[in-house]
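Where a number appears in this text, it was derived from the coordinates with a stated rule and is not lab data. Quick caveat, the model's predicted, so the values are computed rather than measured. Cβ atoms come from the backbone with ideal geometry, glycine included; neighbour counts cover every protein chain shown.
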Amino acid sequence: MRHLHGDINQDGVVDGLDYNDWETDNNSFAGGYYSSDLNGDGIVDGLDFLIWEDNNNNFVGIQTP
């Protein structure tokens, strides 16, 4: 399966379940390597949310045969 920016739980769709994972890490001030660090800057913050939000609003997902 390809990695989608914002698909934190890797279920093939960017949705509210991914937001829940991002929010937990954001509220914990997570730093280091986290799947919720969508821009790769070493911290989970609002900049990562912007990536998730854009892809969520555009209904980004994977279609498989």
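What residue among Asp37, Asp54, Asp25 has the largest mean-square fluctuation in a Gaussian network model of the chain, using Cα springs under 10 Å?
In the Gaussian network model the winner is Asp54.
Please report, in debye to the nearest 20, how large the charge dipole of region 16-57 is about its Cα centre when each Lys and Arg carries +1 at its beta carbon and each Asp and Glu carries -1 there. Show your work: numbers first, answer last.
On the way: 0 positive and 10 negative charges, 12 e Å.
Around 60 debye, computed over region 16-57.
Got the relative contact order for region 16-57 handy, in percent, Cα pairs under 8 Å and 6 or more residues apart?
Details: 40 pairs, mean separation 14.1, N = 42.
Taking the mean separation of contacting Cα pairs over the length of region 16-57, I get 34 percent.
Project the alpha carbons of the chain onto their principal axes and report the range along each, largest first, in whole Å.
38, 21, 17
Compute the distance in nm between two label points, each set 7 Å from the Cα along the Cα-to-Cβ direction, one at Glu53 and one at Asn39.
1.2 nm
Pick out, in residue order, every one of the chymotrypsin sites (Phe, Trp or Tyr not before Pro) in region 16-65 that is DSSP loop and has at most 11 other C-beta atoms within 10 Å; say none if there are none. Could you put the intermediate results ahead of the total?
Details: sites: Tyr19, Trp22, Phe29, Tyr33, Tyr34, Phe49, Trp52, Phe59; in loops: Phe29, Tyr33, Tyr34, Phe59.
Filter output for region 16-65: Phe29, Tyr33, Phe59.
What distance in nm separates the simple spin-label points at Leu17 and His5, each placed 7 Å from Cα in the Cβ direction?
2.3 nm
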